[in-house]
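To keep things clear, I will list the structure first and then write my remarks on it.
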Amino acid sequence: MDSEQTTDRIAALEAELAAARQVQAAHPWQRVQLARHPKRPHSLDYIQRTISGFQELHGDRGIADDPAIVAGMGFFEGNPIVVVGQQKGRDTKQKLFRNFGMPKPEGYRKALRIMLMAEKFGRPVLTLLDTPGAYPGIDAEERGQAEAIAVNLREMSRLKTPMVVVCIGEGGSGGALALGVGDRVFMMENAVYSVISPESCAAIIWRDSSKGELAASALKLTAQDLLRLGLIDGIIPEPGEGAHTDVDQAAENLKRTLRAALAELMALSVEALVEARYQKFRKMGNFFTEVAG
Amino acid sequence: MAWFTRQKPAREQGSAGEQHQVRTEGLWLKCDGCRQVIWRKALIESLQVCPKCDYHFRIDAVNRLKLLFDGPWETFDAGLYSTNPLGFVDSKPYSERLAGMRKATGLSDAVISAGGTLAGRPVYICVLELKFIGGSVGAVVGEVVTRAIERAVAQRRPMIIASASGGMRMQEGAVSLMQMAKISAALMRLDEARLPYISLLTDPTTGGTTGSFAMLGDLNIGEPGAQIGFAGPRVIEQTIRQKLPEGFQRAEFLLTHGFLDAIVRRPEMKSYIAAALDFFCGPLQ
């Protein structure tokens, strides 16, 4: 068997495996737990394994550097790329430093600054989503959390460079989406992406935030759900019991998806790219009937 | 028979009292701002702004449109109905909730999309209806607003969106979340076409609504006292475990911190917008 055949065979087997896993599909609440698993790989774990010569770039050139978002440049399989990702901490000290992965406005503005730099030099952008949500604090509101997110949504929709988005863990509402507008949007198999956290949803409906398990099912927040709803382009399989059991393999799977996506996107003109991106989001949520009136 | 064992005709008396109260309530009401009693008719004449303390009462989408358009308006896309993409069930099924809301408001969802003239100039206006599930944005509102913006681009007309919304609609999950990106992308096209977009932020404008189209105006105009923010006050209090300062997330707070171009009183709103459009598009001939 030559190598191409081998690759095909591997892909086929993995598809089979994914299908087999589907059958014993985990409960959405288990996915939420996996997405938040203390050992789950975070943005820097993927960057370390995917990007060579990564140089982190700091600051929004306005007020501060937000450690909850890492941004920088490096090389993906020899080609320049810009990476922006939400970053959680692992131990208590790191968690506090990263503000539990909850970005502030300056984080989103830093992200946009670096993405505009990518556009200027014609480099593709990879964004990694992993946040419980945008930071809900007085300072964040004072500095325009809403405005920072809104501007990112608008500007990312016209950025003249290929953009690949991967939700690697928690896709926490608008705070995640503020880095989530791209030409291809993927989710890791056990990642979740939702308009509201299951706990907050439960607090609203049942006035009991411990009923997150029920809310997790109701919200349809798993990768499979989002694929079915036409909101993402694909699911990146995770090894074993989840990405944390074999981070190298998880990164390898992400790499394969990124490689294929970039190959497709780099072949398009920027005009075609931006047009297709508009149409992609334009079609999201065709869940209505229309009667004349 | 002793007087204290006598049976009172309590029923009749009670209902008579109730009737009396209802009549009074119809004529007078207490201002939520200054707690003074005001004559309802005076309040209507002053566009639901308290004549004593300038407190701006909330108004519904239809009254907002009356305030802005010169005369009758044309509505668009009023026949879009959500198909309940998640099959969501909370205290009652979402589809039942929708049916109830439709009956109560006469709208298919939480928005009215309209076209007409404002001080003689043709404009498109979308107004979110707070009474319809808190003015929340789901697939229908996302589509109706996006179509309105695309119509403004095609017809080269100014776009005005008046927000009164708690954010994205939980019952439509990630589908509603993506409407933030969809509407913002449409506004990108309006921006590329160099057409004016005026965002009117009224009480309350919060969550993903503020985090997308409400903050993207060429002009972001707030009504006095309107609550405007991203995270809900209760969420913030729980996170930081402190009481929030007085006036936090009010329009005046946003003006001070640089996120509103102006705060405009309701009686001056139309002339303010007309003047802004004269500036953007040139005075009408």
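Could you put A:Ser200, B:Ser184 in order, starting from the residue whose Cβ has the fewest other Cβ atoms within 10 Å?
Values: A:Ser200 21, B:Ser184 28.
Placing the least packed residue first, the sequence is A:Ser200, B:Ser184.
Largest mean-square fluctuation among B:Phe88, B:Phe69, B:Phe230, in a Gaussian network model of chain B whose springs join Cα atoms under 10 Å apart, belongs to B:Phe88.
Averaging over all projection directions, find the projected area of the Cα convex hull of region A:28-280 and quote it in nm² with one decimal place. Numbers along the way, then the final one.
Numbers: hull surface 51.6 nm².
Its average projected convex-hull area is 12.9 nm².
Order of B:Trp73, A:Trp206 from fewest to most other C-beta atoms within 10 Å?
Numbers: B:Trp73 21, A:Trp206 14.
Starting with the residue having the fewest Cβ neighbours, the order is A:Trp206, B:Trp73.
Can you sort B:Ser136, A:Ser3, A:Ser52 from fewest to most other Cβ atoms within 10 Å of each residue's own Cβ? Don't jump to the answer; show the numbers that get you there.
Values: B:Ser136 24, A:Ser3 7, A:Ser52 12.
So the residues, fewest neighbours to most, are A:Ser3, A:Ser52, B:Ser136.
Taking max minus min of the alpha-carbon positions on each principal axis, region A:1-106 gives extents of 55, 39, 22 Å, largest first.
Convex hull over the Cα atoms of region A:157-241, averaged projected area in nm²?
Numbers: hull surface 25.0 nm².
One quarter of the hull surface, i.e. the mean projection, equals 6.3 nm².
Against chain B, whose longest principal axis comes from its Cα atoms, helix B:266-281 is set at around 10 degrees.
Between B:Leu68, B:Leu43, B:Leu29, the GNM of chain B built on Cα springs shorter than 10 angstrom shows B:Leu29 fluctuating the most. Per the Kirkwood formula applied to alpha carbons, chain B shows a radius of gyration over Rh ratio, Rg over Rh, of 1.05. For A:Lys88, the lysines whose Cα comes closer than 20 Å to its Cα, not counting residues fewer than 8 places off in the same chain, are A:Lys39, A:Lys104, A:Lys110.
The mean sequence distance of close C-alpha pairs (under 8 Å, at least 6 residues apart), as a share of the length of chain A, puts its relative contact order at 16 percent.
When the pairs B:Lys30/B:Lys92; A:Lys120/A:Lys283; A:Lys211/B:Lys243 are compared against a 30 Å limit on Cα-Cα distance, B:Lys30/B:Lys92 fall above it. Calculated [222 nm] ellipticity per residue, helices only, for the protein assembly as shown: -13000 deg cm²/dmol; basis is -39500 (n - 2.57) per DSSP H run with n ≥ 4, divided by all residues, nearest 500.
Please grab the % of Cα pairs in region B:222-284 that end up more than 19 Å from each other. Result for the distance tail: 47 percent.
For chain B, what relative contact order do you get, as a whole percent, if you take Cα pairs closer than 8 Å and at least 6 residues apart?
Values: 490 pairs, mean separation 37.1, N = 285.
Reported relative contact order: 13 percent.
For the segment B:209-218, counting C-beta atoms of other chains within 10 Å of every residue's C-beta and taking the mean gives 6.
For the protein assembly as shown, give the magnitude of the charge dipole about the Cα centre (Cβ charges: +1 Lys/Arg, -1 Asp/Glu; no others), in debye to the nearest 20. Don't skip to the end; give the middle numbers.
On the way: 68 positive and 65 negative charges, 314 e Å.
About 1500 debye.
Can you tell which of A:Leu231, A:Leu179, A:Leu128 shows the greatest fluctuation in a Gaussian network model of chain A with Cα springs below 10 Å? Maximum fluctuation in the GNM of chain A, among the listed residues, is at A:Leu231. Dipole orientation for region A:28-280: of the candidates A:Ala140, A:Val70, A:Phe121, A:Phe121 has the Cα lying most toward the positive pole (charges on Cβ; Lys, Arg +1; Asp, Glu -1).
Find, to one decimal place in angstroms, the Kirkwood hydrodynamic radius of the protein assembly as shown, where the mean of 1/r is taken over every pair of different Cα atoms and then inverted.
On the way: mean 1/r = 0.0397 Å⁻¹.
One decimal place: 25.2 Å for the Kirkwood radius.
Candidate cross-link partners of A:Lys280 among the lysines, defined by an alpha-carbon separation under 19 Å and a same-chain spacing of 8 or more, comprise A:Lys160, B:Lys182. Once fully extended, how much extra length lies between B:Ala104 and B:Lys131, figured as 0.36 nm per residue of separation less the alpha-carbon to alpha-carbon distance? Net length gain for the segment: 8.8 nm. Averaging the Cα positions of each part gives two centres, and for region B:153-202 and region B:47-92 these lie 16 Å apart. Placing +1 on the Cβ of every Lys and Arg and -1 on the Cβ of every Asp and Glu, with nothing else charged, gives chain A a dipole about its Cα centre of roughly 500 debye. Take the Cα of B:Glu74, go 7 Å toward its beta carbon, and the backbone nitrogen atoms of region B:144-178 under 18 Å from that spot belong to B:144-160. Between the listed residues B:Leu201, B:Ala110, B:Tyr94, the Cα displaced farthest toward the positive end of the dipole of region B:58-281, a dipole computed from Cβ unit charges relative to the Cα centre, is found at B:Tyr94.
Where does helix B:94-105 land angle-wise versus the long Cα axis of chain B, in degrees 0 to 90, nearest 10? Around 80 degrees separate the two axes.
Relative to the longest principal axis of the Cα atoms of chain B, the long axis of helix B:139-155 makes an angle of roughly 40 degrees.
Readers should treat all values here as calculations from the given coordinates under stated rules, not as data from a laboratory. Model, not experiment: these values are computed from the prediction. Please note: Cβ atoms are built from the backbone with ideal geometry, for glycine as well, and neighbour counts cover all protein chains shown.
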